[in-house]
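The values are calculated or read from the model by the stated rules, or taken from the named source; none is laboratory data. Just so it is clear, the structure is predicted and the values come from calculations on it, not from any experiment. Calculation scope for accessible area: heavy atoms of the full protein, side chains included, ligands and nucleic acids excluded. Shrake-Rupley method; radii C 1.70, N 1.55, O 1.52, S 1.80 Å.
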Amino acid sequence: MDYVNSVHLVGRVTSVGKPRVLASGDTVHTVRVVVPRTARRGQERTTVDTIDVACWTSAARRGAARLAVDDHVEVEGALRRRFFRTGAGVASRYEVEARLLRRHAAPAG
C-alpha cells in the first residue's frame, strides 16, 4: 500500500497575511481560503470550509504575495498538524502546507 498526503484546493482567498520570520529563522506566509461544501440532502444553506494555508518555500511565498482578498486560488500541498504553546498549554491546528499557489479563474455563475 502506498500512503499519500496530497491536498488540492480551489477556493476564494479571505485573508492574506504578511511574511513572518520565526525565531528559528524560517519565513512563513499564510493565506486563508474558503471552499464551499457540497450541500447535504435537505440542507438549504451552503456552508464553507475555512482552510489556513502555510507557505514555507520561496516559490509558495511568492505566489502568496501576489494574492489579494477575493482572488480565486488553486493550492497544491499536504495536510500538516502544527503544535504550539499557548497560555493554556500545548495546542494544535491543521493547515495545508502549500507546494504551489496560483490564481484560478472564478467559477461561472
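The mean sequence separation of alpha-carbon pairs under 8 Å and at least six residues apart, normalised by the residue count of the chain, gives a relative contact order of 29 percent. Computed over protein heavy atoms with a 1.4 Å probe, the accessible surface of the chain works out to 71 Å² per residue. State the label only: which of (i) 2, 11, 19, 22, 17, 14, 9, 4, 1, 0; (ii) 2, 13, 25, 26, 21, 10, 3, 0; (iii) 2, 12, 19, 19, 15, 12, 8, 6, 4, 2, 1, 0, 0 corresponds to P(r) over Cα pairs in 5 Å bins from 0, in percent computed from the shown model? For P(r) over Cα pairs in 5 Å bins from 0, in percent, the calculated option is (i).
Please report the antiparallel percentage of the DSSP beta bridges confined to the chain, to the nearest 5. So the antiparallel bridges in the chain amount to around 95 percent. Solvent-accessible area assigned to carbon and sulfur over the chain amounts to 50 percent, based on a 1.4 Å probe.
Fully extending the segment from Glu74 to Val48 would add 7.8 nm, taking 0.36 nm per residue of separation and subtracting the current Cα-Cα distance.
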